[in-house]
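The values are calculated or read from the model by the stated rules, or taken from the named source; none is laboratory data. Everything numeric here is computed off the predicted structure, so don't read it as measured data. Every residue, glycine as well, gets a Cβ built from its backbone with ideal geometry; the counts of neighbours run over all protein chains shown. Keep in mind that these areas ignore ligands, DNA and RNA; they rest on the heavy atoms of the full protein, side chains included. Shrake-Rupley method; radii C 1.70, N 1.55, O 1.52, S 1.80 Å.
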Amino acid sequence: MHEWALAEAVISTASQIAEKEGVKEVTEVKIKVGELQQIELDILEFALSQIKTSKFENAKFAIETTRAELRCRVCENQWVFDKEKLDADTAEAIHFVPEIAHTYIKCPKCGSPDFEILKGRGIWLESIRGMK
Ligand SMILES: [Zn+2]
């Protein structure tokens, strides 16, 4: 149930920012989720709608996924992971278990499966909007 923990973190962080900025009513919260993060967006949205405080009563939660960036440990080539190029089954498998990404993804330059993930994991608050 880590979507609920993430939703709590989002609400608590957004509340702190709203407090600091003197925002009385939040109208929009922009959230970015890394493509390789194991997360069910539907559950996250549901969790957000359930635990939001009165400050977020009319807030819209905009959740966007962001592309993963990878770097080869052998030749130091950096590239952006394109999920579209994988077949549906593989994309699903990677979605659920990012650790197996190394089996499917190889450096497009030298073919090495030894790479690190620079971006594409985690969830963060992009911005909040509201009325003062
Ligand atoms: Zn390489």
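Those strands (runs of 3 or more DSSP E) of segment 8-78 in which at least 1 residues are within 16 Å of the ligand (Cβ to nearest atom), considering only elements entirely within it, cover 69-72.
Restricting attention to segment 28-74, the residues that are surrounded by fewer than 17 Cβ atoms within 10 Å (Cβ to Cβ) and under 15 Å from TRP4 (Cα atoms) total 11. Only one of the numbered conditions (1) open to solvent by 50 Å² or more (accessible area, probe 1.4 Å); (2) acidic (Asp, Glu); (3) touching a strand residue (DSSP E or B) at 6+ places or on another chain (Cβ under 8 Å); (4) at pLDDT below 90 is not met by ASP87, and that is (3). Confirm whether ARG129 is farther than 27 Å from LYS20 by Cβ and modelled with pLDDT of 80 or more. Taking the combined requirement at face value, the residue does not satisfy it. ASN77 meets all of the listed conditions (1) open to solvent by less than 50 Å² (accessible area, probe 1.4 Å); (2) over 14 Å from GLY130 (Cα atoms); (3) within 17 Å of the chain's Cα centre (by Cα) but one, namely (3). Scanning segment 92-132 for residues that are open to solvent by 40 Å² or more (accessible area, probe 1.4 Å) and closer than 13 Å to ALA68 by Cβ gives HIS102, TYR104, GLU116, ILE117, LEU118, LYS119, ARG121.
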